[in-house]
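Undergrad: Handing you a structure now.
Computed from the coordinates by the stated procedures, all read-outs in this text should not be read as laboratory data. Keep in mind the model is a prediction, meaning the values are calculated, not measured. Backbone-built Cβ (ideal geometry, glycine too); neighbour counts: all protein chains shown.
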Amino acid sequence: MLRESVRITEIFLSIQGESTSVGKPTVFVRTTGCPLRCGYCDTEYAFAGGSVISIKNIISEVKKFGVRCVTVTGGEPLAQPKVFRLLVDLCDAGFDVSLETSGAIDVSKVDPRVVKVVDVKTPGSGEVDKNLQSNLDYVNNRDQLKFVICSRKDYDWSCAKIKTMKLKEKPEILFSPSHNEMKAGALAEWILEDSLNVRLQVQLHKYIWGDVAGR
């Protein structure tokens, strides 16, 4: 049984606060553990602890909420190899599945039915050296690349990065203000000034509930 299990911090129903599915009722499966330590991380409670749960029981818990959208998040989900199996089984069960990942671990083996939301770590994260360049070969036009912007420096770096990225397909580009460091209005003005072809996203769940774990 343990060979088909994943360490889980929490499973809960909320409103999707980010990505192109923002606003949709979504079940979040938050895995435990992460090899990164981003300065703006708001889920440090998921670095350790959690409970080892069989994939079968995870899916049973997800089904109880009665919604189609499921997001596997963390921590860093792909730090646990069995998460790849979890993603397959969630898709097989008929769910619309997305994955939120740091961009530091190979995504090439993620089930193609899964929408990948891949971070591109900015200098302000403190983990810019962890970006795995090869992941850009495995994002498609259903996927999303997310830049968390902490400052004007991060914004300029991200604009330059977009111009130099060699993408086989065109994923959606998301610019997200770091909640406690960057005002959304300022980021919006910069995007408009540059007529930048990106999507501004805010963490909707934080505007609704604040910094409440499990929401």
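Undergrad: Which one, 36, 78, 59, is farthest towards the positive end of the dipole of the range 1-150 when Lys and Arg carry +1 and Asp and Glu -1 on their Cβ?
TA: Going by the charge dipole, the pick is 59.
Undergrad: Take the alpha carbon gyration tensor of the range 66-186, find the square roots of its eigenvalues, order them as a ≥ b ≥ c, and report rounded if a/c is under 1.5; if not, report prolate when a/b exceeds b/c, else oblate.
TA: Prolate shape, in that a/c is at least 1.5 and a/b is the bigger ratio.
Undergrad: Quick one, can you get me the convex hull of the C-alpha atoms of the range 134-215 expressed as volume per residue in Å³?
TA: 116 Å³
Undergrad: Suppose the chain between residue 93 and residue 153 were pulled fully straight at 0.36 nm per residue; how much longer would it get relative to their current alpha carbon spacing?
TA: Answer, rounded to one decimal: 17.3 nm.
Undergrad: Let me ask something additional. Give the lysines reachable from residue 63 as a straight Cα distance under 22 Å; neighbours fewer than 8 places away on the same chain don't count.
TA: The qualifying lysines are 24, 82, 116.
Undergrad: Which of the peptides 20-29, 198-207 is most tightly packed, and how do the rest follow, going by the mean number of other Cβ atoms within 10 Å of each residue?
TA: 20-29, 198-207
Undergrad: I'd like to compare 50-58, 142-150: which one has the highest average count of other Cβ atoms within 10 Å, and what's the full order after that?
TA: Packing proxy ranking, top to bottom: 142-150, 50-58.
Undergrad: 7 Å from Cα along Cα→Cβ at both residue 20 and residue 208: what's the point-to-point distance in nm?
TA: It works out to 2.1 nm between the two label points.
Undergrad: I've got another one for you. Order 124-133, 7-16 from most to least packed using the mean count of other Cβ atoms within 10 Å.
TA: 7-16, 124-133
Undergrad: Average projected area of the Cα convex hull of the chain, in nm²?
TA: Average projection, Cα convex hull of the chain: 11.0 nm².
Undergrad: Can you tell me the relative contact order of the chain? Whole percent, Cα pairs under 8 Å, sequence separation 6 or more.
TA: 19 percent
Undergrad: Sticking with this one: Taking amide H positions as placed 1.01 Å from N in the peptide plane, with prolines and chain starts having none, which residues 5 or more places from residue 69, or on another chain, fall under 5 Å of its amide H?
TA: Here the answer is 27, 96, since their amide H atoms fall under 5 Å of that of residue 69.
Undergrad: Can I ask one more? Treating the beta-carbon of each Lys and Arg as +1 and of each Asp and Glu as -1, no other charges, what is the dipole magnitude of the range 90-215 about its Cα centre, to the nearest 20 debye?
TA: The dipole of the range 90-215 has a size of about 120 debye.
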